1. Could you line up 173, 183, 132 from fewest to most neighbouring Cβ atoms inside 10 Å?
2. In nanometres, what is the gap between the two model label sites at residue 180 and residue 145, each 7 Å from Cα along Cα-to-Cβ?
3. Based on a Kirkwood Rh over C-alpha pairs, give the Stokes-Einstein translational diffusion coefficient of segment 42-182 at 10 °C and viscosity 1.306 mPa s in µm²/s.
4. For segment 39-113, what does the alpha-carbon gyration tensor say about shape, rounded, prolate or oblate, given a ≥ b ≥ c as the root eigenvalues, a/c under 1.5 as rounded, and a/b over b/c as prolate?
5. What ranking do 174, 156 get, fewest neighbouring Cβ atoms within 10 angstrom at the top?
6. Arranged from highest to lowest average of other beta-carbon atoms within 10 Å per residue, in what order do the peptides 90-97, 49-56 appear?
7. Please give, to one decimal in nm, the separation of the simple spin-label points placed at residue 59 and residue 89, each 7 Å out from Cα toward the Cβ.
8. Once all Cα-Cα distances of segment 122-185 are split into 5 Å bins that start at 0, what whole-number percent is in each one?
Amino acid sequence: MNDSILPPAPAWSRRRWLSGALAGTAVLGGAGLAWWQARRSDNAGEAVDPGFWQLKLATPDGNSLAMSALRGKPLLLNFWATWCPPCIEELPLLSRFYAANSAKGWQVLGLAVDQLEPVKHFLLQNPVSFPIAMAGLAGLETSRMLGNRQGGLPFTVVLGSDGLLRHRKIGQITVDDLSAWAILK
């Protein structure tokens, strides 16, 4: 087709297309940056806030758990909630990881960012092999202290036996994640 017989596009049409293209590029750039920040683990080896080890959390059965009692062994912390489908999906995987690795010194702690009654009801229907503590809404602040800037769930943190951060992940964990983390100490 001969381009010379087509009328030129109106100037407003080109500006609209250019504005749309710039907006799309900004959105994609922002999404890429958020994804990269959420997935990166270049802070491995960083110390956690000392206040973290001072925390004392209630358990669903009414007892208390001191985080300081978990120092000295590798620790996988998983922030979850009963209303979070990916959280619920990964709990059986965490139970299997704990069962397979607790004899090797691994500890797993589920921190429920939820209310007591829904957690108790959930655990009666879906027991797990590892301990659960009640973090409540304050658990989101604790997760931020550990690097969860977005406050998303699920959020998993791996601490080495030296108490240093080894890995963190926002989003559902996989068998591959756990396999890679199992070799850490």
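Read-outs: derived from the displayed coordinates by stated rules, not from any lab. All figures in this text were calculated on a predicted structure; none of them were measured in a lab. We place every Cβ from the backbone using ideal geometry, glycine too, and count neighbours over all the protein chains shown.
1. The most exposed by this proxy come first: 183, 173, 132.
2. A separation of 2.7 nm, rounded to one decimal place.
3. On the way: Rh = 14.9 Å.
Rounded, D is 106 µm²/s.
4. Judged from the Cα gyration tensor, segment 39-113 comes out rounded (a/c under 1.5).
5. Details: 174 12, 156 26.
Lowest count first: 174, 156.
6. 90-97, 49-56
7. 3.0
8. 4, 14, 21, 24, 23, 12, 2, 0
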